[in-house]
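The values are calculated or read from the model by the stated rules, or taken from the named source; none is laboratory data. Everything numeric in this text was worked out from a predicted model, so none of it was measured. Cβ: placed from backbone, ideal geometry, glycine included. Neighbour counts: every protein chain shown. Ligands, DNA and RNA are stripped out before the accessible areas are found, and what is left, the full protein with its side chains, is counted by its heavy atoms. Shrake-Rupley method; radii C 1.70, N 1.55, O 1.52, S 1.80 Å.
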Amino acid sequence: MEQGQKPDVWSACENGVWTITLNRPQVLNALTIEMFYQLREEIEQAERAENADVVVLRGAGGNFCSGADLSVLAVLREDTQADEALSVINELLTRLHRMPKPVISVIEGAAVGAGLNLALHADFVIATNNALLQEPFVHLGLTTDFGGTYLLPRLVGLAQAKRLALLGERLSGQEAERVGFIYKAVDAEMLAEEVEKLIMTVRRVPKQAYAVTKEGLGRAQGMELEQSLEWEKEQQPRLIAHPDFLSLIAAKRKK
């Protein structure tokens, strides 16, 4: 790496916002094995960092990520290397998915395959109207990965998940919002402003309440109603006793 050149995955924290950037713009930020390790480290650091309130995931150079680099396929053909690489991928995705802090993915240009599914592990995905989102795995003789098998039916239902995964249809950002695949799509010139608005909104939510509610929504996917009710029964008294709630109630009483 040349002096002063940023690594393929780099992060910066400014005013409580921890931004992780995929940085191989010459190949639309295609993911390499090395980037899997870098992503795992950056996500771990973002979770631990006390000065980070919100995590933002984005790509450099006008695209989010075109998926896995062709070099990854060679590694995955060898059993030992494949097991290690896939374990790192699963670890970073699980940590990102369960991050107690708000996570926002920002999609410009292409978000394809593993790159798209990486973005979908965020709490909120905001894209430009003309962004390109696609799950092309079956057309390459592969199955959906990077958690796509788990995410797609939960985000859009089985019918739309089959459209995306089995047909590999391309969606614009605008269409992705329309079918409920992502949080929001906006004109490119409004993207920075909309991302900032979303960051301000999530930062106003009490941190503990956000983390617990996010955990509950994740758990609910595998719960019956009775289990969800029992989980809520355990959590609500703890939140009522938490300083965040007590201070908010005190402030409301003063008003």
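General remarks:
- Looking only at residues of segment 206-226 that are under 24 Å from Leu152 (Cβ atoms), assigned to a helix (DSSP H, G or I) and of a type outside the set (A, V, I, L, M, F, W, C), we find that the one that is least open to solvent (accessible area, probe 1.4 Å) is Gly216.
- With respect to (1) open to solvent by 10 Å² or more (accessible area, probe 1.4 Å); (2) farther than 22 Å from Leu164 by Cα; (3) at pLDDT 95 or above, the lone exception for Ala110 is condition (2).
- Considering Ala220, Ala250, the condition of being in contact with a helix residue (DSSP H, G or I) (Cβ under 6 Å, 6 or more places away or on another chain) and modelled with pLDDT under 95 is satisfied by Ala220 alone.
- Sole exception among (1) open to solvent by less than 80 Å² (accessible area, probe 1.4 Å); (2) touching a helix residue (DSSP H, G or I) at 6+ places or on another chain (Cβ under 9 Å); (3) of a type outside the set (Phe, Trp, Tyr); (4) farther than 20 Å from Trp18 by Cα for His121, by number: (4)
- Cβ-Cβ under 8 Å pairs, at least 6 apart or on other chains, segment 184-200 side in contact (Cβ under 8 Å) with a residue 24 or more places away in the chain, far side charged (D, E, K, R) and crowded, with 19+ Cβ neighbours inside 10 Å: Lys184/Glu177; Ala185/Glu177; Ala188/Glu108; Leu191/Glu108
- Restricted to strands (runs of 3 or more DSSP E) entirely inside segment 87-159, those with at least 1 residues that are under 13 Å from the mean Cα position of the chain (by Cα) are 103-107, 110-112, 124-128.
- Residue check for Ala82: farther than 26 Å from Gly218 by Cα and modelled with pLDDT of 95 or more: no
- Selection count, segment 131-170, where residues are buried (at least 17 other Cβ atoms within 10 Å of the Cβ), in contact (Cβ under 8 Å) with a residue 12 or more places away in the chain and under 26 Å from Ala220 (Cβ atoms): 14
- Complete set of residues in segment 29-45 that are surrounded by 21 or more Cβ atoms within 10 Å (Cβ to Cβ) and outside any helix (DSSP H, G or I): Asn29, Ala30, Leu31
- Annotation note: of Glu234, Glu196, Glu169, the sole residue that is at pLDDT 95 or above and touching a helix residue (DSSP H, G or I) at 6+ places or on another chain (Cβ under 8 Å) is Glu169.
- Contact annotation: residue pairs with Cβ atoms under 8 Å, 6 or more positions apart or on different chains, pairing a residue in segment 232-248 that is within 15 Å of Arg219 (Cα to Cα) with a partner that is surrounded by 11 or more Cβ atoms within 10 Å (Cβ to Cβ), are Glu232/Gly216; Gln235/Val212; Gln235/Gly216.
- First in segment 12-29 and at pLDDT 95 or above, second anywhere and of a type in the set (Ser, Thr, Tyr) and part of a loop (DSSP other than H, G, I, E, B), Cβ under 6 Å, 6 or more apart: Leu28/Ser66
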